[in-house]
Amino acid sequence: MAQPQEDNLFKNVISHAKEYGFIFPSSEIYDGLSAVYDYGQNGAELKNNIKEYWWKFMTLLHENIVGIDAAIFMHPTTWKASGHVDAFNDPMVDNKDSKKRYRADQLIEGYIEKQEEKIEKEVEKAAKRFENFDRAMFVSTNARVVEYQNKINEVSTRLAQAMSNSDMVALKQLIDELEIACPISGTRNWTEVRQFNLMFATEMGSVADDANKIYLRPETAQGIFVNFLNVQKTGRMKVPFGIAQIGKAFRNEIVARQFIFRMREFEQMEMQFFVKPGEEMKWYEYWKEKRLKWHKALGLGNENYRYKDHDNLAHYANAACDIQFNFPMGFRELEGIHSRTDFDLKSHEKFSGKKMQYFDSEANTNYIPFVVETSVGLDRMFLSVLCSSYQTEKLEDGSERVVLRIPAPLAPNKVAILPLMKKDGLPEKAMEIMNDLKFDLRCFYEEKDAIGKRYRRQDAIGTPYCITIDHQTLEDNTVTLRNRDTMQQERVAVADLRHKLVDACSINNLLRKI
Ligand code: GAP
């Protein structure tokens with residue numbers, strides 16, 4: 001559960017994102033649309049930079065991975081074959097008094113979190129009392145803590161069983177037994193628990209009957225599976241090889257909350273890696289390690305990432321884990337890595353009647369490859385960057401600054417070009433410098449307000465460098481270069497600017513660290 005301080009951080013990040021042109025509620029003039037957001041001028045740049053970082057990592061650094069861009073609309077049978085029509089459900093329950101809708105499993109998880117908080121409180125109390133406090137010993141022997149822990153274990157097991165058996169009655173029984181109340185009305189007046197399919201449906205063409213019903217894709221992966229042989233044959237790809245894709249996905253989430261963490265329209269960056277059957281575990285471990293390294297190279301703090309194995313494997317997986325990130329509301333899923341077996345290709349072969357097999361010329365045999373998938377939410381990546389780079393600092397003069405310490409290669413603008421005054425030929429000189437730099441670096445030009453104020457505005461949108469053009473520039477062709485993070489200023493020759501800044505802001509240099 002988020003601590004009050006973390007709640008404040010999250011609230012501040014959300015309002016900062018809006019105030020500085022990163023994220024706006026969708027169609028805000030009509031009071032917004034629940035769990036749908038628009039990316040503003042700075043958000044779109046940051047998002048594009050994250051995409052580039054991912055796309056280049058996958059397709060440039062791996063000669064056996066190619067990228068595609070499949071359509072959002074797919075033949076409806078795709079979703080029968082993938083299991084989404086029958087099994088892409090969440091259990092929902094309504095409170096009859098507040099008329100609010102909840103995910104039944106999340107209500108029960110909330111109960112478990114409360115028990116965990118109780119344990120932490122007991123631990124904190126005891127740690128204050130005893131000098132040589134041994135946490136492990138305390139947790140295993142204190143009667144109250146043991147009781148809480150037993151309850152957690154029991155509820156977790158029953159929840160996992162009910163979820164994997166799609167047992168709605170068992171979920172309702174748990175909600176009743178645990179006396180879970182609606183956070184809004186405070187009552188326990190619940191409806192039965194029902195399955196709710198998360199896919200958005202619409203009609204294609206002019207006749208609205210069932211035959212024309214199609215879905216907005218709930219994951220980008222299926223666009224890769226149905227094109228597996230097209231790409232393999234036209235690209236003369238040899239197993240093992242991968243297909244990468246970035247694109248929109250849509251899910252009618254029952255409870256969409258926590259800003260862009262859980263949205264109804266979002267973007268995924270997915271890669272399906274096709275391997276020889278029997279080799280999937282080796283590749284699963286390989287991609288787990290690779291993907292974590294990719295995240296860590298951003299420098300947002302290694303301690304903010306961890307693996308979490310899935311307790312319940314999806315119908316298609318024989319191994320799966322998440323890379324979790326320490327968001328303001330705690331560690332949550334950022335990316336999923338799944339060993340999907342041959343489930344998808346086999347199922348498409350069955351439903352389409354078309355062979356989905358690879359001919360292995362070395363072994364002179366046909367087989368359906370197994371698949372290891374890496375799937376990261378672009379919006380969650382964005383949120384992880386935004387939250388961990390948002391900082392407030394007290395300065396020596398007693399004032400405060402808000403600074404977004406976005407990794408320079410991802411920052412929306414790389415450099416602000418600031419003539420000290422609006423006269424004496426300084427704006428003209430500034431434009432000359434910008435016209436030289438703008439081919440390699442996204443520049444932001446500003447001549448209004450005092451220089452200190454302009455620096456603060458650039459700090460707030462995460463611009464890593466500011467160049468100030470003053471009267472000395474006209475004499476010796478040097479400028480002041482200010483660093484966002486240290487606020488240090490140095491005098492630099494105009495001729496040296498390009499290579500110095502391009503080096504520091506290059507996505508390619510970031511990739512070299514992985
Ligand atoms: N193809 C596999 C797949 O879609 P998933 O775990 O359901 O797996 C992958 O989703 C990633 O997509 C998640 O780790 C998360 O980052 C992102 N994601 C999923 N649902 C989302 C939502 N409603 N809003 C934002 N991102 C979401």
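The values are calculated or read from the model by the stated rules, or taken from the named source; none is laboratory data. Just so you know, these numbers come straight off a predicted model, no measurement behind them. Cβ sites come from the backbone with ideal geometry, for glycine too, and all protein chains shown count toward neighbours. Heavy atoms of the whole protein, side chains included, go into the accessibility calculation; ligands, DNA and RNA do not. Shrake-Rupley method; radii C 1.70, N 1.55, O 1.52, S 1.80 Å.
At least 2 residues being in contact with a strand residue (DSSP E or B) (Cβ under 6 Å, 6 or more places away or on another chain) is the threshold, and among the helices (runs of 4 or more DSSP H) wholly inside segment 198-300 those reaching it are 221-225, 280-296. Scanning segment 301-313 for residues that are in a strand (DSSP E or B) and charged (D, E, K, R) returns R306, K308, D309.
Residue check: G301 meets all listed conditions (1) open to solvent by less than 30 Å² (accessible area, probe 1.4 Å); (2) at pLDDT below 95; (3) more than 11 Å from the ligand (Cβ to nearest atom) but one, namely (2).
Quick grid of which residues meet (1) open to solvent by 10 Å² or more (accessible area, probe 1.4 Å); (2) touching a residue at least 40 places away in the same chain (Cβ under 8 Å); (3) touching a Ser or Thr at 6+ places or on another chain (Cβ under 6 Å); (4) of a type in the set (D, E, K, R):
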position	(1), (2), (3), (4)
D440	yes, yes, no, yes
E447	yes, no, no, yes
Y455	yes, no, no, no
Y465	yes, yes, no, no
L481	no, no, no, no
Q489	yes, no, yes, no
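The criterion of at least 1 residues that are under 21 Å from G299 (Cβ atoms), within 16 Å of the ligand (Cβ to nearest atom) and among the aliphatic types (A, V, I, L, M) is met by the following strands (runs of 3 or more DSSP E) wholly inside segment 328-437: 330-341, 370-377. Inspection of segment 472-479 finds a residue satisfying the criterion of being in a helix (DSSP H, G or I) and either in contact with a helix residue (DSSP H, G or I) (Cβ under 9 Å, 6 or more places away or on another chain) or closer than 30 Å to Y53 by Cα (or both). Residues in segment 77-116 that are buried (at least 17 other Cβ atoms within 10 Å of the Cβ) and in a loop (DSSP other than H, G, I, E, B) were compared, and the one that is modelled with the lowest pLDDT is F88.
Would you check if there is a residue in segment 239-261 being open to solvent by 10 Å² or more (accessible area, probe 1.4 Å) and away from the ligand (no atom under 16 Å from the Cβ)? Yes: one or more hits.
For M137, the stated conditions do not hold, so it cannot be described as under 25 Å from T374 (Cβ atoms) and in a helix (DSSP H, G or I). Here segment 314-327 is the region considered, the condition is being in a loop (DSSP other than H, G, I, E, B) and either of a type outside the set (A, V, I, L, M) or away from the ligand (no atom under 12 Å from the Cβ) (or both), and the residue that is most open to solvent (accessible area, probe 1.4 Å) is H315.
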